[in-house]
Amino acid sequence: MGTKKTQLIVLVGALILFVLLFIAPKSLSKLSEVDLQKQKSQKNELSSEANLSVFLTIALKNTEPIKKAQLENLISQKKYDTLIVFWDKLKRPDLAAHFTEAQAQLNQKADKWLKAGNRYYYAIQFSDDKTEIPVLYQSAMRCYNKNLALDPNNIDAKIMIASCYVEGTENPMEGISKLKEIEKIDSNNVKLQLTFAFFSVKSGQLDKAISRFKKVIQSDSNYIEAYLHLADAFEKQKNNSKAIEMLQKYISKTNDITAKNEINNYIEQLKNNIN
């Protein structure tokens, strides 16, 4: 229960929504061994041109005839903004990402490609179809690569490509190598350090994660959400005293009254569990 409550605290006021959606590694803990093997097989079969056309076709088939005709008309007229809004409202971020990429293809601007890549990456955690997840990773990587073709020095795109390698391919070490290359150039990059930190948490290397989160604070003292991640890591180590210390530091720096009250309540619970 402790970890779950800490995660709820982290979410108070949507303070770290960007981190959770675009940086934090997506958990594969819910997948069965069969699912994982299926994903590995699918990864081998996918190419850089993998897309969501099949999933869009299925979605359209399940749409009432009048609405389907309207959507097909919007597609033919390349009304991508309207299509993105439509699929977002239906809670299909995957298809919204598909049309965000179509929009980028139309405009051919670096920021549009980055946005499309982020959209695909964001959609991964919401997909219940295990056959779609490898396609989403491939699509995200394709968009990030197209961003880099136009903006070769975009560190965010490089970090996200590396993340996709770690999480969505059979060659995670290639992604780690890419991240380390970035670190040689920009070791104080907050997004880079967070990416390393979350991968360390996921692999159970909590000491390394703590070191990375501390470096985030050193690089950007305004990124106070790092104290919440530190508290979570210390709690996972059963070090409630340090977890409380981190939570108290967060309280001292935030103006969010709701967050302060929630965290103070949780601190009292942690105090009762200190040996």
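The values are calculated or read from the model by the stated rules, or taken from the named source; none is laboratory data. The model shown is predicted, which means the values in this text are computed figures rather than measured ones. Positions of Cβ are generated from backbone atoms using ideal geometry, with glycine treated the same way; all protein chains shown enter the neighbour counts.
Considered as a group, the residues in region 166-176 that are touching a helix residue (DSSP H, G or I) at 6+ places or on another chain (Cβ under 8 Å) and either charged (D, E, K, R) or in a helix (DSSP H, G or I) (or both) include one that is surrounded by the most Cβ atoms within 10 Å (Cβ to Cβ), and that residue is GLY168. Scanning region 177-193 for residues that are part of a loop (DSSP other than H, G, I, E, B) and farther than 21 Å from ASN118 by Cβ returns SER187, ASN188.
Among residues of region 180-197 being closer than 22 Å to LEU136 by Cβ and crowded, with 22+ Cβ neighbours inside 10 Å, the one that is farthest from the chain's Cα centre (by Cα) is LEU194. Take ARG212 and tell me if it is surrounded by 22 or more Cβ atoms within 10 Å (Cβ to Cβ), of a type outside the set (A, V, I, L, M), in a helix (DSSP H, G or I) and in the same structural domain as ILE58 (by TED's automatic domain parsing). The answer is no for ARG212. Checking ALA157, ALA116, ALA162 one by one, the residue that is within 16 Å of the chain's Cα centre (by Cα) and within 16 Å of LEU52 (Cα to Cα) is ALA116 and no other.
Given the residues ASP156, ASP128, which is the only one that is of a type in the set (D, E, K, R) and not in a helix (DSSP H, G or I)? Show your work before the answer.
Values: ASP156 fails: not in a helix (DSSP H, G or I).
Selected residue: ASP128, the only one of ASP156, ASP128 that is of a type in the set (D, E, K, R) and not in a helix (DSSP H, G or I).
Mind checking which residues of region 59-68 are surrounded by 12 or more Cβ atoms within 10 Å (Cβ to Cβ) and over 18 Å from ASP129 (Cα atoms)? Of everything in region 59-68, those that are surrounded by 12 or more Cβ atoms within 10 Å (Cβ to Cβ) and over 18 Å from ASP129 (Cα atoms) turn out to be THR63, LYS68.
Of all residues in region 187-202, those that are without any contact (Cβ under 8 Å) to a residue 24 or more places away in the chain have Cβ atoms under 6 Å from Cβ atoms of residues that are aliphatic (A, V, I, L, M) and crowded, with 20+ Cβ neighbours inside 10 Å, 6 or more apart or on another chain, in SER200/ALA209.
Residue-level check: of (1) of a type in the set (Ser, Thr, Tyr); (2) under 28 Å from ASN264 (Cα atoms); (3) crowded, with 21+ Cβ neighbours inside 10 Å, SER163 misses just (2).
Among the residues of region 120-131, those identified as closer than 17 Å to TYR165 by Cα and crowded, with 17+ Cβ neighbours inside 10 Å are TYR120, TYR121, TYR122, ALA123, ILE124.
How many of the residues in region 145-160 are surrounded by fewer than 20 Cβ atoms within 10 Å (Cβ to Cβ) and in contact with a Ser or Thr (Cβ under 9 Å, 6 or more places away or on another chain)? Residues meeting the conditions: 1.
This table checks each residue for (1) farther than 16 Å from ILE124 by Cα; (2) in contact (Cβ under 8 Å) with a residue 12 or more places away in the chain.
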position: LEU71; (1), (2): yes, yes
position: LYS79; (1), (2): yes, no
position: TRP87; (1), (2): no, yes
position: ALA104; (1), (2): yes, yes
position: GLN108; (1), (2): yes, yes
